[in-house]
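Below is one structure, written out as structure tokens, with a few remarks after it.
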Amino acid sequence: MAELLLKVQDLSAAIEEGELLHHINLDVNAGETHVLMGPNGAGKSTLGYTLMGNPAYKVTGGKIFFDGEDVTALSADKRARMGMFLSFQNPLEVPGLSLESFLRNAIRQRTGKPLKIFQFKKELEETMALLQMDPSYADRDLNVGFSGGEKKKAEILQLLMLRPKFAILDETDSGLDVDAVRTVSRGIEEYQKKRGGALLVITHSTKILESLHVDYTHVLVKGTMVTTGGPELVDEINAHGFEKYVGKEDSEKA
């Protein structure tokens, strides 16, 4: 029987302007890949931020359990140390902190163990080669002066080096050309197959899914999970869009 890793139970969340998520339920087992789709403004990124513990999003109802522990009230850094990871649509630039130093510190925080520098450098070099990243980027300030594609590759580099149990990838393919999407997809596939972690992939495009084994697809409309299906749901949405699901959120709330 698969191990339940993430359980989202009747989750609602809000910002100052009002409630954005309504009674979300989601179970993710270890090793599974879930896809979250929906029209613009559906609340997909909001769900990702709420799961990760962004303080801007207040849980107004329900619970989040991760790895058997109630993490609803835990800060984002504590969730990260437990093995949760969130990639950003627009990765932040951090002047004065090199990509390599960031990764060293993050891995130490994640594992709580001393780092074997030689082993770390070897793995960093190999992983950057997999992602077709210039090795010189390791010495550059994190994301400063990086192109959009290189920023996204740096996010996947963090994913592979940190080896989280559960990763939320928020529009990782946004703004990437075909070659960059292919490279990023290769990194995600590496995480999925060899790291064994679970994924929640938030996306509009399905190109990034072509090399992945998708277990479940969820559709979110106006903060409400309106349907869940298998990988075939991705093909249906590609063919027909979200029109049949818009308005269904009202019956789900009722």
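The values are calculated or read from the model by the stated rules, or taken from the named source; none is laboratory data. Everything numeric here is computed off the predicted structure, so don't read it as measured data. Side chains are part of the model used for accessible areas, which takes the heavy atoms of the whole protein and leaves out ligands, DNA and RNA. Shrake-Rupley method; radii C 1.70, N 1.55, O 1.52, S 1.80 Å.
Out of all DSSP beta bridges with both ends in segment 94-247, state the antiparallel percent to the nearest 5.
Values: 7 of 12 bridges.
Given both bridge residues lie in segment 94-247, the antiparallel proportion sits at roughly 60 percent.
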Calc'd 3J(HN,Hα), segment 5-20, phi into Karplus 6.51 cos²θ - 1.76 cosθ + 1.60 (θ = phi - 60°), Hz, glycine/Pro = x, comes to 9, 10, 10, 9, 10, 6, 7, 10, 8, 8, 10, 4, 6, x, 6, 10
Collect residues whose amide H, placed 1.01 Å from N in the peptide plane, falls under 5 Å from the amide H of residue 35; neighbours closer than 5 in sequence don't count. 201, 216, 217, 218
Rounded to the nearest Å, what's the spacing between the alpha carbon centres of segment 105-124 and segment 125-155? Just the number, please. 18
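Please compute the per residue accessible area over segment 75-121 with all protein chains in place, 1.4 Å probe, rounded to a whole number of Å².
Numbers: 2870 Å² over 47 residues.
Ligands and nucleic acids excluded, the result is 61 Å² per residue.
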Summarise the accessible area of the chain (1.4 Å probe, protein heavy atoms) by the percent that is carbon and sulfur. 50
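Tell me, what does the Kirkwood hydrodynamic radius of segment 90-208 come to in angstroms if you use every pair of distinct C-alpha atoms? Numbers along the way, then the final one.
Details: mean 1/r = 0.0686 Å⁻¹.
By the Kirkwood definition, the hydrodynamic radius is 14.6 Å.
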If you work out volume of the Cα convex hull per residue in Å³ from the coordinates, which of (i) 119; (ii) 172; (iii) 134 do you get? (iii)
Exposure of residue 27 as accessible area (Å², to 10), given a probe of 1.4 Å and all protein chains: 70
Radius of gyration and maximum dimension Dmax of segment 90-132, Cα, Å: 11.6, 31
Under 5 Å between amide hydrogens, which residues at least 5 positions from residue 144 or on another chain qualify, with H placed 1.01 Å from N in the peptide plane? 94
Apply the Karplus parameterisation 6.51 cos²θ - 1.76 cosθ + 1.60, with θ equal to phi minus 60°, to every residue of segment 122-128 and state each ³J(HN,Hα) to the nearest whole Hz, in sequence, with x for glycine and proline. 5, 5, 4, 4, 5, 6, 5
